[in-house]
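Enquirer: My questions all concern the structure below.
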């Protein structure tokens, strides 16, 4: 049984169809990226999985249980946790305090099962220390979240998501706003998190960044799943090339820290609705 099953999911906003009959599965331990041009429906699909958008039709199953329409709090409780493209820390609190709050919430919800976490009892402080070390934030622990640069905020988002010890981690465009010099360290962090056993679903508009990390790639265009396969298969799929190069009107090579494939990365259009990315 797949960890996550998306079964003919359609999402409509009034007369606008943001997703149409999208179907795929995510097996435990996989790293899957969702890519597509602006307006493809990537974020709408993400929001449907995370519990912030209710599908108009279709089913979403997590560990065999139907969860379409479940609230985000319930999805987090069952093991699905997400980051946000726009970081949402408590700005006046320190980095450590932000991670501590996220970890404490998990401890309260699951105190009855705490003896089974990672095979040994850990204090809350030990967990926070480990999360800061994993995400490279130990040296920033005493700084206020509002003082972090964009790279630090991305790492803090990931640390807070990991604090709930999810089974499925949803990463919402973690590379957005990161300069070229920051892409490789961020990729290394995400790769390390996946190698610790997490299943990861990534929405990303930096195509090369996404393909460099993924086992499998899903491509959306205008709300329709147009391609699915390995990074190499997707990179050479004529439907994908047409979706990107046809939209761009050019065959420019998008070089992002040496990670970009032949499909160029595209920035967001400033007037693009959040629900349609």
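The values are calculated or read from the model by the stated rules, or taken from the named source; none is laboratory data. Not measured: the values here are computed from a predicted model. Every residue, glycine among them, receives a Cβ derived from its backbone with ideal geometry; neighbour counts consider all protein chains shown.
Enquirer: Restricting the search to segment 18-59, which residues are over 14 Å from the mean Cα position of the chain (by Cα), within 22 Å of residue 74 (Cβ to Cβ) and buried (at least 19 other Cβ atoms within 10 Å of the Cβ)?
Expert: Matches in segment 18-59: 19, 22, 53, 55.
Enquirer: Can I ask one more? How many residues are under 24 Å from residue 5 (Cβ atoms) and part of a strand (DSSP E or B) when one looks only at segment 74-104?
Expert: Selection size over segment 74-104: 3.
Enquirer: Just name the residue that is surrounded by the fewest Cβ atoms within 10 Å (Cβ to Cβ) out of those in segment 60-88 that are on the phi < 0 side of the Ramachandran plot and modelled with pLDDT under 90.
Expert: Narrowing segment 60-88 to residues on the phi < 0 side of the Ramachandran plot: 60-62, 65-68, 70-78, 80-88.
With the extra rule that they be modelled with pLDDT under 90, the set shrinks to 84-88.
Numbers: 84: 14, 85: 21, 86: 11, 87: 20, 88: 13.
Checked segment 60-88; the qualifying residue surrounded by the fewest Cβ atoms within 10 Å (Cβ to Cβ) is 86.
Enquirer: Something else about it: Could you tell me which residue of segment 27-67 is nearest to residue 11 (Cα to Cα), considering only residues that are in contact (Cβ under 8 Å) with a residue 40 or more places away in the chain, touching a helix residue (DSSP H, G or I) at 6+ places or on another chain (Cβ under 6 Å) and part of a loop (DSSP other than H, G, I, E, B)?
Expert: 55
Enquirer: Only one of these conditions is not met by residue 214: (1) closer than 24 Å to residue 36 by Cα; (2) at pLDDT 95 or above; (3) out of contact with any helix residue (DSSP H, G or I) (no Cβ under 7 Å at 6 or more places or on another chain). Which number is it?
Expert: Result: residue 214 passes all but (3).
Enquirer: Does residue 24 satisfy the condition of being under 17 Å from residue 217 (Cα atoms) and assigned to a helix (DSSP H, G or I)?
Expert: Details: under 17 Å from residue 217 (Cα atoms): yes; assigned to a helix (DSSP H, G or I): no.
No, not satisfied.
Enquirer: Does residue 152 satisfy being farther than 19 Å from residue 33 by Cβ, surrounded by fewer than 23 Cβ atoms within 10 Å (Cβ to Cβ), touching a residue at least 12 places away in the same chain (Cβ under 8 Å) and in contact with a helix residue (DSSP H, G or I) (Cβ under 7 Å, 6 or more places away or on another chain)? Steps first, please.
Expert: Numbers: farther than 19 Å from residue 33 by Cβ: yes; surrounded by fewer than 23 Cβ atoms within 10 Å (Cβ to Cβ): yes; touching a residue at least 12 places away in the same chain (Cβ under 8 Å): yes; in contact with a helix residue (DSSP H, G or I) (Cβ under 7 Å, 6 or more places away or on another chain): yes.
Answer is yes for this residue.
Enquirer: Can you find a residue that is within 20 Å of the chain's Cα centre (by Cα), over 18 Å from residue 23 (Cβ atoms), crowded, with 19+ Cβ neighbours inside 10 Å and at pLDDT 90 or above anywhere in segment 251-266?
Expert: For segment 251-266, residues within 20 Å of the chain's Cα centre (by Cα), over 18 Å from residue 23 (Cβ atoms), crowded, with 19+ Cβ neighbours inside 10 Å and at pLDDT 90 or above: absent.
Enquirer: Taking residue 212 and the conditions (1) in contact (Cβ under 8 Å) with a residue 40 or more places away in the chain; (2) in contact with a strand residue (DSSP E or B) (Cβ under 9 Å, 6 or more places away or on another chain), which numbered condition does it fall short on, given that it satisfies the others?
Expert: Status for residue 212: all satisfied but (2).
Enquirer: Return the residues of segment 160-173 that are closer than 19 Å to residue 212 by Cα and at pLDDT below 95; say none if nothing qualifies. Give the derivation first.
Expert: Here is the first cut: in segment 160-173, the residues closer than 19 Å to residue 212 by Cα are 169-173.
The answer is 172, 173.
Enquirer: Could I ask something else about it? Of 39, 14, which residue is over 17 Å from residue 227 (Cα atoms) and modelled with pLDDT under 95?
Expert: Numbers: 39 fails: over 17 Å from residue 227 (Cα atoms).
Selected residue: 14, the only one of 39, 14 that is over 17 Å from residue 227 (Cα atoms) and modelled with pLDDT under 95.
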